[in-house]
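In what follows, a structure is listed as structure tokens, so that the remarks can point back to it.
Taken together, the values in this text are just the output of simple stated rules run on the coordinates, not laboratory data. Small disclaimer: the values here were computed from a predicted structure and weren't measured. Because the Cβ atoms are built from the backbone with ideal geometry, glycine has one as well, and the counts that use them run over all protein chains shown.
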Amino acid sequence: MFKNKHIIIALLVAPILSIIAYFGTDLALSEKPHAAKEGQSYKLLSKSNCRYTSGICDMENGEFKIKFRSENLTNNKLELSLTSAFPLEGIKVALVDDPEQSAKPLDMQSNSKDGKNWSINLPAPASEESWLRVAAQADGVVYYGDTQTAFVKYETLLSDK
């Protein structure tokens with residue numbers, strides 16, 4: 001079998017062609033990164049730390065990144081602070097108990113002149129299945145997303161009851 005030169009050439013060429021086809025398909029079909037255009041809206045993706053009770057939740061879309069930090073206050077209140085990589089023109093958040101539910105968004109207040117630090121006091125989420133919805137505006141571009149509120153530390157919330 002290995003004395004046939006056609007089989008030997010096929011065994012050498014086939015892996016090379018498969019690697020070229022793999023990268024060629026990726027290059028032809030993948031979405032090309034592009035700069036955010038003014039007036040458009042883009043979805044924020046929740047990072048994995050939003051699924052754990054760490055008190056921190058990162059959301060991003062390409063270079064645009066925001067980080068939520070939660071602190072539990074007394075009387076079932078939650079202080080939510082946000083740090084952004086870019087200056088924000090405004091940010092709205094809403095807490096809902098069901099992903100299908102709608103709620104009136106609340107404006108976060110800026111804590112700095114550069115527009116990178118924001119905070120708000122909210123009622124504590126009803127459960128770990130509650131959702132946090134976010135809409136942020138920077139340079140005329142709207143970034144939106146949602147995540148479950150599992151990142152909020154519930155130990156102190158339950159001890160207050």
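This ranking places W131, W118 by how few other beta-carbon atoms lie within 10 Å of each, fewest first, which gives W131, W118. Here the chain is treated with +1 on each Lys and Arg Cβ and -1 on each Asp and Glu Cβ, and its dipole about the Cα centre works out to around 620 debye. Sorted fewest first by neighbouring Cβ atoms within 10 angstrom, I91, I120 come out as I120, I91.
Full extension of the segment from Y144 to I56, taken as 0.36 nm per residue of separation minus the current Cα-Cα distance, would add 29.9 nm.
Once the other residues with Cβ under 14 Å from the Cβ of G62 are scored (Lys, Arg +1; Asp, Glu -1), what is the net sum? The answer is 0. The Cβ shell under 9 Å around D139 holds other residues with a net charge of -2, Lys and Arg each +1, Asp and Glu each -1. Multiplying the residue separation of L106 and K67 by 0.36 nm and subtracting their alpha-carbon distance yields 12.3 nm.
3J(HN,Hα) along segment 119-135: 7, 7, 9, 10, x, 4, x, 5, 7, 6, 8, 5, 10, 10, 9, 10, 9 Hz, from the Karplus curve 6.51 cos²θ - 1.76 cosθ + 1.60 with θ = phi - 60°, whole Hz, x for Gly and Pro. For the chain, modelled as a GNM with alpha-carbon contacts under 10 angstrom, which of S130, S30, S84 fluctuates the most? With Cα springs under 10 Å in the chain, the top fluctuation among S130, S30, S84 is at S30.
Annotation: the residues E71, E129, E38, sorted from fewest to most other C-beta atoms within 10 Å of their own C-beta, follow the order E38, E129, E71. 3J(HN,Hα) couplings calculated from phi for segment 4-19 with the Karplus curve 6.51 cos²θ - 1.76 cosθ + 1.60 (θ = phi - 60°) are, in sequence order, 7, 5, 5, 5, 5, 5, 5, 5, 7, 7, 4, x, 5, 5, 5, 5 Hz; Gly and Pro show x. Among S41, F23, M59, whose Cα projects farthest towards the positive end of the dipole of segment 1-83, with charges put on the beta-carbon of Lys, Arg (+1) and Asp, Glu (-1)? Of the listed residues, the answer is F23.
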